[in-house]
Amino acid sequence: MKNIGLILGVALAVVAAAVPAFGTPYMMGVVFQVAMWIALAQSWSMLSATTGYLSLGHAVFYGVGAYVCVLLTGTIPFEWALLAGAVAAAVFAAIVGLPVLRVRGPYFVILTYGLSELVRHVVMRIESALGSFGRMIFDVPRTEVLMWWMVGLAVLATLGAYAIRHSRFGAGLAAIREDEVAAETVGVPVTRLKLFAFIASAIIPGAVGGLALLRTSYFEPAQAFDPVISFTIVTMALVGGTETVRGPILGALGFALLSELLWSSLPQLYMIVLGLTLIIFILFVPRGLSGLFGRLGRAG
Amino acid sequence: MAFLDIKGVSKRFGGLMALSDVDMQVEKGEIFGLMGANGAGKTTLFSVIAGHVAPTTGEVVFDGQRLTGLSPSRVCRLGLCRTFQIVRPFAGLSVAENLRVAALYGSGRKLTSTEVAAVVDDALEAVDLTDRRDLDGGQLTLSGQKRLEIARALATGARLVMLDEVMAGLNPTEISAMLTTLERLRTERGLTFVIVEHVIGALMTLSDRILVLDHGERIAFGTPEEIGNHDRVAEVYFG
Ligand SMILES: Nc1ncnc2c1ncn2[C@@H]1O[C@H](COP(=O)(O)OP(=O)(O)OP(=O)(O)O)[C@@H](O)[C@H]1O
Ligand SMILES: [Mg+2]
């Protein structure tokens, strides 16, 4: 029961491996989406589930990764462009981290959202000043290759989140979530740890942004920095539950499947369902699907 | 040179002098009592020493190392830890987990997991919380949370511990149990304590020497007997 997060991660990798055998491009697309949301929600949890600093701006890391990747593809192999996207997101987090992490609670939520929107508008201005209204990418890798990369990132993010939670670093972050002043008093270097968590949570989203870009083979700032990405990450993580690493996996799976069903039948209901689910979970299932399953598991 | 040397510390909050030119020397191994009416500046002095509040003037030297300007976590890793008058447990973490964080970070060196477990067990034992180790910090009674504050400071491996009113709000039975615990800590560990207490009897029993503050100023210093017979103290403190 304890390592279910890892097991699910491995199971997903196995499913993905089986997909190409019987898989249609549609199936591969679904796996790509599910893996993408797992990677994002898991990365988000490295900062927000551990420290309680809820970021509502993770789209910025995804966007920075996508932007760097689009500027580089064609000049270097796509693997290196993805890596550059991840590094750029981490560097960006390192630069803005200290000032942003000075505020807590609702102020942090709003500040991260605002920062993400600010960067979106700056990139839009730059792009339109350059006379570019979206960039096409030619010669992208096959869907199957992209899917594999995304599954790899999902597994990596899950392992990373698991490792953080069970480390000395994770214990320090939990203390910060509970009481920052008390944590500092017993020797936890609060500022440094928060910054490390912020950077850790930015790396994989940078690469995810690059991959998502390659999949659509089209870059447009409004899309790459879309705040709906941030909202979806938070909703998935909270619905899945933030107390264990399996939470984000359950949340991402649930939502990706739900969205597949809804998009095909009732697309206009998607955002409504997203919002309703979030409200219901926050009010009635504060520990998320993971907590719910844990309880059923123990009862049974 | 004293183990903890406070030299001419002043702290101004706007128009209020919370501390005025306070000197204080704590020797290794003693229990140093700090006394004073409400608002005398006792907690502020703790905050200055531990690095939570920067002094307006003056400096603090601990074991030959200047603390002024260092962050509280750095001060803790150098071996000095304080507790909070208004308790601050990690409410959502178990009692043992509260202590584990202190053990993992407090000493400034990397302990093995066996060492960490030993430190945690030892700190639980020291304050009689062993049977509550799996409760959440927030589930303890006030008396339990005060004990957790002490245990967490011990688990950091601090050589000097500052206890801010660990008996306040406790009933007489709990106070006498706490007194027993503190007496035991004093005899069994080679630690140095600075304690603030409004329970005068306990402060007199425990302390080797006592400093009295009034409106941020030093008004008396001496052994418990000397303080008990001090005119100015009686006047200020007992009304
Ligand atoms: N952060 C602060 N900002 C402004 N004034 C403060 C601050 N902290 C303390 N004070 C003031 O400084 C004075 C000393 O406060 P302090 O808490 O040090 O007293 P104390 O001796 O611990 O009192 P008590 O016995 O009530 O705990 C008080 O007048 C208090 O109101
Ligand atoms: Mg006080």
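The values are calculated or read from the model by the stated rules, or taken from the named source; none is laboratory data. Keep in mind it's a predicted model, so treat the numbers as computed, not measured. Counting neighbours? That spans all protein chains shown, and the Cβs are built from the backbone with ideal geometry, glycine included.
Residues that are within 16 Å of ligand 1 (Cβ to nearest atom) and acidic (Asp, Glu) within the stretch B:156-201 comprise B:Asp164, B:Glu165, B:Glu197, listed in sequence order. The helices (runs of 4 or more DSSP H) found entirely in the stretch B:1-116 that carry 1 or more residues being more than 9 Å from every other protein chain (Cβ to nearest Cβ), over 15 Å from the mean Cα position of the chain (by Cα) and more than 16 Å from ligand 2 (Cβ to nearest atom) are B:95-106.
Can you name the number of the only condition in (1) within 17 Å of the chain's Cα centre (by Cα); (2) away from every other protein chain (no Cβ under 12 Å); (3) in a helix (DSSP H, G or I) that B:Asp122 fails? Failing condition for B:Asp122: (1).
Taken as a whole, the structure leaves B:Asp128 outside the set of residues that are over 24 Å from B:Phe46 (Cβ atoms) and within 13 Å of another protein chain (Cβ to nearest Cβ).
Okay, residues lined up against (1) closer than 21 Å to B:Ser207 by Cβ; (2) within 12 Å of ligand 1 (Cβ to nearest atom):
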residue: B:Ala40; (1), (2): yes, yes
residue: B:His52; (1), (2): no, yes
residue: B:Pro55; (1), (2): no, no
residue: B:Val61; (1), (2): no, no
residue: B:Ser71; (1), (2): no, no
residue: B:Val75; (1), (2): no, no
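Please specify each residue of the stretch A:85-110 satisfying the condition of being aliphatic (A, V, I, L, M), in contact (Cβ under 8 Å) with a residue 12 or more places away in the chain and part of a helix (DSSP H, G or I). Matches in the stretch A:85-110: A:Ala86, A:Val87, A:Ala88, A:Ala89, A:Ala90, A:Ala93, A:Ala94, A:Val96, A:Leu98, A:Val100, A:Val109, A:Ile110.
Do we have any residue at all in the stretch A:127-138 that's in contact (Cβ under 8 Å) with a residue 24 or more places away in the chain, out of contact with any Ser or Thr (no Cβ under 6 Å at 6 or more places or on another chain) and assigned to a helix (DSSP H, G or I)? Yes, the stretch A:127-138 contains a residue that is in contact (Cβ under 8 Å) with a residue 24 or more places away in the chain, out of contact with any Ser or Thr (no Cβ under 6 Å at 6 or more places or on another chain) and assigned to a helix (DSSP H, G or I). Here is the figure for the stretch A:146-194: residues that are within 12 Å of chain B (Cβ to nearest Cβ) and closer than 18 Å to B:Lys110 by Cα total 19. Evaluated against (1) within 28 Å of B:Glu97 (Cα to Cα); (2) modelled with pLDDT of 95 or more; (3) not hydroxyl-bearing (Ser, Thr, Tyr), B:Asp208 falls short on exactly one condition, (1). Considering the stretch B:147-199, and only residues there that are part of a helix (DSSP H, G or I) and of a type in the set (S, T, N, Q), the residue that is farthest from ligand 2 (Cβ to nearest atom) turns out to be B:Thr187.
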